[in-house]
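See below for the structure under consideration.
The values are calculated or read from the model by the stated rules, or taken from the named source; none is laboratory data. The structure presented is a predicted model; accordingly, all values stated were derived computationally and were not measured. Heads up, the Cβs are rebuilt from the backbone with ideal geometry, glycines too, and the neighbour counts pull from every protein chain shown. The protein model used for the area step is the full one, side chains on, heavy atoms only, and it has no ligands, DNA or RNA in it. Shrake-Rupley method; radii C 1.70, N 1.55, O 1.52, S 1.80 Å.
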Amino acid sequence: MVTKSPKAAHRPDPAPTGATAPWLERYFDITKRGSSVGQEIRGGLVTFFAMAYIIALNPLILGTTTDKDGLLISGAPMYTDAAMTQVDSAAVGAAIGMVAAATAFIAGIMTLLMGFVGRFPMGLAAGLGLNALVAYVLAPQMTWPQAMGLVVWEGILIAILVLTGFRTAVFRAVPKTLRTAISVGIGLFIAFVGLINAGVVRKPGGAPPVELGISGSLMGWPILVFVFGFFLLIALHTLRVKGAMLIAIVSGTILAIIVEAVAKLGPQGAENATGWALNVPQLGNFTWPDLGLLGRIDMVGAFFPDGQFSLTTFISLLVLVFSLLLADFFDTMGTIVAVGSEGDLLDEHGMPEHTTEILLVDSLGAVAGGLGSVSSNTCYIESTAGVGEGARTGLASVVTGAAFLLAIIASPIINMVPSEAAAPALVFVGFLMIAQVTDVDWKNPELGIPAFLTMIFMPFAYSITTGIGIGFLSYVFLKLIRGHAKSIHPLMYVVAAMFVIYFLQGPLLSLLS
């Protein structure tokens, strides 16, 4: 039973729904949900500005990493030399611009669909955590088009599960503690990526494996830009300033452009350790939006490495797709409930109206994200900002989607954003995601130990899949040795078996060869 918020008591009486009522009222039930057109427009714009940081962050993750062939998502090589010590800033900048334009485009289309089909005040865009899994787990094992092809398959599978009602069954199969641990672990992983991209954490020539800055010291103007952006962000968040992430990224970028104009630091390299890590912030980088990433996918290539089918590869890819599906699954369900609770939009069973339509649009977001080469698009918890401003219907999502489409024109400006200006938001997202750690029952070893292993292995092994796999296996193992086998959902045994094969794929390949 959902407790009604105080806001619900002051809703106006529903407006007539006859033929004389405006079509917006009839379709979106604006007055029935206690809202108005003006309120929906304000709420939709607030949601957009709360989410707009993804136009800068998604390119930082997808546009700055390479696939198994050493190529950026644009198809260009990342380095100018064979030793891979000198980053090609122009190539990285072009890739970042392409990802930014595609990110805004797909987010706009999918959020419009949420408005018209799901009729729920929630925005969709490339999911943080999901994009990290694609960039740091899938891409190193295959080409970028193949990785995006797997994202499309994941979306198709989720759509099938939604239409058959099986999605709820899978949701219930994985213990809530493990779902929480996965979210926290991804948060730690993203924060670690942000610190590395900013140069705050680096890999030294010898031991230890990582260190603070250069020889344990924070040196160089780019690090100052990160520190400035990070403390500005946490200050704005503490003061509850809306759009804190976007403000911090923009402010950090302006500072970085000024620093580069004065100091002429240039890109980071073997002879310039205190240069800009990925792309150089400078004016004059503006070009027209490039949507060339749309449709650049390979749906079958990942399953046939070197042109031949491999059973081991097929099983490992199934595990990877399941990892994507799992992360997408639970993030969406939690977001829907959170947004619905904020706006008093849930029924007595804790579900919103048009639940099936909402989940279907979310699953199509994964398909669209793959087709657009921006990774799986999913529902955003930042939508609660718009709901807090008064958004109650799908009309707010229509406004948010339209704003994303307009943002395509400005997406090339993302070329000016250095990783040092955007990385504070990544680190901060880690803080937001780790806040769920209190939901774990640490006194119960059957739950606490698997959760702990899930969380630490994601950043320490630099692999989201590894963290999920070890968490699942340890959970099943502890349940079995304590004689609680019957409490394990049958699907968990299936997943655990898949992860055993995944972790043993090296020895298995040796035996098969």
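Observations on the model:
- Helix-only arithmetic for the chain: the sum of -39500 (n - 2.57) across DSSP H runs with n ≥ 4, divided by the residue total, places the mean residue ellipticity at 222 nm at -18500 deg cm²/dmol.
- Average Cα contact separation per residue, region 221-283, under 8 Å, 6 or more apart, as relative contact order %: 32
- Residue 274 - accessible surface, heavy atoms, 1.4 Å probe, Å² rounded to 10: 50
- Solvent-accessible surface of region 236-305, averaged per residue with a 1.4 angstrom probe and all protein chains in place: 55 square angstrom.
- Positive-end extreme of charge dipole, the chain - chosen from 63, 221, 177 (charges on Cβ): 177
- Sequentially through region 25-39, phi angles give Karplus couplings (6.51, -1.76, 1.60; θ = phi - 60°) of 5, 5, 7, 9, 6, 4, 5, 4, 8, x, 10, 8, 4, x, 5 Hz, Gly and Pro residues having no value and appearing as x.
- Considering only the chain, percent of DSSP beta bridges that pair antiparallel, nearest 5: 90
- Short-range pairs are left out: with C-alpha atoms under 8 Å and at least six residues apart, the relative contact order of the chain is 32 percent.
- Rounded Å value of the spacing that divides the Cα centres of region 334-410 and region 198-250: 30
- At an R0 of 22 angstrom, the distance between the Cβ atoms of residue 310 and residue 494 translates into a FRET efficiency of 0.55.
- Protein heavy-atom surface of the chain, 1.4 angstrom probe: 68% of the accessible area is carbon and sulfur, with nucleic acids and ligands not counted.
- In the context of the full set of protein chains, region 382-513 has a per residue accessible area of 42 Å² (1.4 Å probe).
- Restriction of the chymotrypsin sites (Phe, Trp or Tyr not before Pro) in region 392-457 to DSSP coil positions whose beta-carbon has at most 15 other beta-carbons within 10 angstrom yields 442.
- Whole-Hz ³J(HN,Hα) from phi, Karplus 6.51 cos²θ - 1.76 cosθ + 1.60, for region 464-474, glycine and proline x: 5, 4, 4, x, 5, x, 5, x, 5, 5, 5
- Amide hydrogen neighbours beyond the local backbone of residue 124, cut-off 5 Å, H modeled: 111
- Packing around the peptides 118-127, 351-360, taken as the average count of other Cβ atoms within 10 Å per residue, puts them in this order, highest first: 118-127, 351-360.
- Coupling constants for region 354-359 follow from the phi torsions by the Karplus curve (6.51 cos²θ - 1.76 cosθ + 1.60, θ = phi - 60°), and in residue order they are 6, 4, 4, 5, 4, 5 Hz; glycine and proline get x.
- Taking 0.36 nm per residue of separation and subtracting the Cα-Cα distance, full extension of the segment from residue 274 to residue 242 would add 8.2 nm.
- Accessible area per residue for region 73-135 is 26 Å², calculated with a 1.4 Å probe on protein heavy atoms, without ligands, DNA or RNA.
- Put simply, the amide H of residue 201, placed in the peptide plane, has neighbours under 5 Å in 196, 213, leaving out anything fewer than 5 places away on its chain.
- Label-to-label distance, nm, for residues given as residue 81 and residue 202 (7 Å Cα→Cβ offset): 1.5
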